[in-house]
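Readers should treat all values here as calculations from the given coordinates under stated rules, not as data from a laboratory. Quick caveat: nothing in here was measured; it's all calculated off a predicted structure. No Cβ is skipped: glycine too gets one built from the backbone with ideal geometry, and neighbour counts run over all protein chains shown.
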Amino acid sequence: MAKIQKSLDLKLADIHANSNSKAFILADAKDADMAFGVSSPGHHSPEYHHGESRYRTIQEYREIMRQVVRQGLVDIMLMSASSNEVLTIQERLFDESHITPAARANDTSDIHLLRGSNYTSMASRPFRTATIDHMQCGKHECAPEERSLGCDLGLYSLTLNNDLERDLEILEAYKSFRVEAEAKGFRHFLEMFDPNLPDAVAPDKIPGFINDAIARILAGVTRRGMPIFLKIVYHGPKAMEELCAYNSDLVVGIMGGSSGTTYDAFKLLAEAQKHGARAALYGRKINNSEHQLAFIRFLRMIVDGDITPEEAVPAYHGVLQSLGIRPERPLTDDMRMTATSFSYSGSATVTVPAGAPASKPAAKPVEKTAPAPVSSQPVKTGACSPLPGAHREPDFDKMTRQEKLEYNQRRRDRIFG
């Protein structure tokens, strides 16, 4: 029986084979439970309620992950090792999906965000809760035939602070991880945070510091141990183009950072893609949106060139209005660019350089923005309830395996032409 190809693998192959490739990798980062604790899943209601204190449960968080996978518009679902065990190993959610499951492979001290803690005020220290074996098969030691039960992809984070002793400790841990990953057939993508200490590097030197750190670190890594792509802060056109030009084999992606406005999220994506980015991992921007499936639909439309950020924001508000969901901000405010935090702690903020400032919202969204994302099944939590619209995603639970294969082949054909 044919195995469903993953869109991530197809897109990476196309990017490496074709310098003019239009392929773009989108990931939903739902690994926040390895950072924020109880608040990780976000507020319970799909619509914004000022002062709301109840958070979703981890079970509700995972139900949203299921809905995003069934929607089928992202290429990677990034999870904690525990969520990966439930959805990938136990439920086999990804067996008949083109989406690749991935797990956070390390959780350095700068993402330990416990209420009342001050860990993020100190230089990042290396740490790994999850082991590769636990991500691959759910237990301490996998038999060779068990390694394909879970995910074969992990996110590994580095945070350098221009401190020789601390940075060498972090790099030694990364080397150990790469050696183990290569031996066990485990791939990774590399997340490079800006320094988490405010005085570690002069602000105007950070883009160059990060680019040089990536180039220097990976110069000693052979192909078998290389990350399949990068996840970095977008510091503007110059820094992005410099890194992409340095090594055309590197697939450079951006991180989304804190929620910000809807225009922040959409414009960041478009600007980074314009200047060379070929991947984006949005976590808080998706999870804190008023309607996650609608938000993801517009992210995909932007990178596919179907709509501009300036068109997408009012169109998104139109979807919210049709669902009776009150947006967190009025449309005029949601069209503004704001400073976005790209560290988990919120200690480092960046204003994304944009090609053109946001002007007044388009009076009328273009017709092609009307179709809205539709879940194949109702969401029990109400977080991603089905959207109205002419086109609905198929009911995957009622499809045969062959029908799912054919559906995914048609989707790949639409992506690659």
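Pull out the extension gain between R223 and V38, defined as 0.36 nm times the separation in residues minus the alpha carbon to alpha carbon distance; nm, one decimal. Show your work: numbers first, answer last.
Values: separation 185, 0.36 × 185 = 66.60 nm, distance 3.88 nm.
The R223-V38 span can extend by a further 62.7 nm.
If you take every residue apart from Y316 with its C-beta less than 12 Å away from the C-beta of Y316, what net charge results, scoring Lys and Arg +1 and Asp and Glu -1? Walk me through the numbers before you get to the answer.
Working: positive: R297, R329; negative: E290, E310, E311, E328, D334.
Net local charge, Y316 excluded: -3.
Once the Cβ-Cβ distance between K139 and D333 is put in as r, and R0 is 60 Å, what FRET efficiency do you end up with, to the nearest 0.05?
Approximately 0.75, to the nearest 0.05.
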